[in-house]
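See below for the structure under consideration.
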Amino acid sequence: MLIWLHSRMSAQIDVRLEALASGAAAPQVSSGMSARAPAAETSRTFYLETFGCQMNVHDSEKVAGVLSSRGYRQVDSSENAALVLFNTCSIREKAAQKVFSRLGQYKAGQDGGRIIGVLGCVAQQEGEEIFERAPWVSLVCGSASYRKLPELLAALESGNRRVTGLDTDTDETFETEMTRRDHPFRAYLTIIEGCNKACSYCVVPYTRGPERSRASRAILEEVRRLADAGYSEVQLLGQTVNSYRDPSPRRMSFSELLAAVAGVPGIRRVRFTTSHPSDFGKDIVADIEAVPAICDHVHLPVQSGSTKILRAMQRTYTHEQYLEKIALIRAARRPISVTTDIIVGFPGESEQDFQETLTLLDEAQYDGAFSFKYSPRPNTPALTMSDPIPEEEKGRRLMIVQERQRQIQTMRNETLVGQSFEVLVDGQSRRANQWAGRSSSNRVVNFTSPRSNLLGEYIQVRVTRAGPNSLVGEHDI
Ligand code: SAM
Ligand code: SF4
């Protein structure tokens, strides 16, 4: 599930560096740029703030890895940093605005001589125009160019005032030599970059470029290294993760890859997100049924319940075809939770269209949903569509969707009271004996246990209470 967040990555949390390519040597700075002698320790500090989805969080791990392997040290406040980086999101207008308002705090004269850099989707979308809007920025780099960051920084250190890395069609993003993973038990792993779909509201094909899948062998080697380093859960990432096409002669299908990742010794849980409904088939359901390590959760964004609006969104399926995918999942031998994304107020969405979205919520019975007001984005076909919906009406529809979904989740979660689930413990409350974790179905479970030191363990929890967004339980010893 894409969890939207805005994190100021802390340098205090568990840090692990993994060499992605064994024995990888530090690449040479490209010709024309001379690498300077290592500067004083303090000048090689960086602060990295992340906006957006899990793919951005993972991209930040790659950036932190690349910089750390070149002698940079991450700090948890921009005050103490020589280099301040923002890894940005432009999926909705508000997300992009947030970035510019953060940048505003570092106006020339107030930046204390720091190098300010913009990474990620806003960098890719706005390109060199960022220099116009925020002239104190000196580095603009999209996600496909992170490997080049040391070269770009060297160019700045050697006197260049502004540098950019804005390629979109390279597969280099997969193969950064070092990735610094910030979660101690769960590792993210991008298996497919970019997107070849053309949803009419979406900036991703522009900001992340065309689809590029990573070779299955490289993925499996990385999973083996992750397992050796102690990770027991891996989450395979992609904007349309199930559109994966193995570029190597092995030609592994996505479902074969899922099973192979789950088969790596030491891996106890495999998650994958986000799945596109048009590429979702029964082979994935069969995998989940057959392989316990593949988590019983599918994030399957529908966006709208109206076939008319789905067509205008260029989503490539109808209301009925989408429900057929849900039926496949619900027919599985073990229960599989399903979550989704919804957009309300797309241009031309009538009250009737909106009611069809509510009907779909009732039919699909989702275990969770992220819902958004449609946000017009640059370069997208929907930008010029007629019949925009007023902001106030979008807000009304959003509240109705969220309330309906809340009721559905409350009802569904209540049916789980009394059942016992395996939970990977990943949080500890300040209160004694209070813990938090996630079930295979990706539900948050808060629970009590007489035991201490449970972080990173898989334990059984019996559910005693349920709310719309989480379960409460007791360690089932
Ligand atoms: N690739 C995924 C898919 O096909 O559903 C989604 C990726 S997108 C980063 C995450 C979610 O943001 C989408 O599912 C959609 O609900 C929402 N989103 C994307 N563009 C949007 C826009 N212009 N306005 C509002 N929500 C948007
Ligand atoms: Fe955007 Fe559609 Fe691609 Fe998802 S499938 S990233 S919504 S274009």
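The values are calculated or read from the model by the stated rules, or taken from the named source; none is laboratory data. This one's a predicted model, so the numbers in the text were calculated from it and none came from an experiment. We place every Cβ from the backbone using ideal geometry, glycine too, and count neighbours over all the protein chains shown. SASA here: full protein model, heavy atoms, side chains in, ligands and nucleic acids out. Shrake-Rupley method; radii C 1.70, N 1.55, O 1.52, S 1.80 Å.
Quick notes
- Scope the stretch 69-95; condition open to solvent by 20 Å² or more (accessible area, probe 1.4 Å) and either hydrophobic (A, V, I, L, M, F, W, C) or within 16 Å of ligand 2 (Cβ to nearest atom) (or both); matching residues: ALA82, ILE91, ARG92, GLU93, ALA95
- Count of the stretch 268-285 residues which are open to solvent by 20 Å² or more (accessible area, probe 1.4 Å) and within 14 Å of ligand 2 (Cβ to nearest atom): 2
- Count of the stretch 223-244 residues which are open to solvent by less than 10 Å² (accessible area, probe 1.4 Å) and more than 16 Å from ligand 1 (Cβ to nearest atom): 5
- Test: residue in the stretch 321-328 that is under 30 Å from TYR458 (Cα atoms) and either surrounded by fewer than 20 Cβ atoms within 10 Å (Cβ to Cβ) or within 16 Å of ligand 2 (Cβ to nearest atom) (or both): yes
- Selection from the stretch 286-308 of residues that are open to solvent by less than 10 Å² (accessible area, probe 1.4 Å) and more than 16 Å from ligand 1 (Cβ to nearest atom): ILE288, ILE294, CYS295
- From the list ASP182, ASP228, the lone residue that is out of contact with any helix residue (DSSP H, G or I) (no Cβ under 8 Å at 6 or more places or on another chain) and more than 16 Å from ligand 2 (Cβ to nearest atom) is ASP228.
- Filter result (of a type in the set (A, V, I, L, M, F, W, C), open to solvent by less than 10 Å² (accessible area, probe 1.4 Å) and more than 24 Å from ILE91 (Cα to Cα)) within the stretch 188-219: ILE219
- Applying the condition of being in a helix (DSSP H, G or I) and among the hydroxyl-bearing types (Ser, Thr, Tyr) to the stretch 42-68 and asking which residue is surrounded by the most Cβ atoms within 10 Å (Cβ to Cβ) yields SER60.
- Between THR168, THR176, THR207, THR240, the distinction of being among the hydroxyl-bearing types (Ser, Thr, Tyr) and at pLDDT 95 or above belongs to THR240 only.
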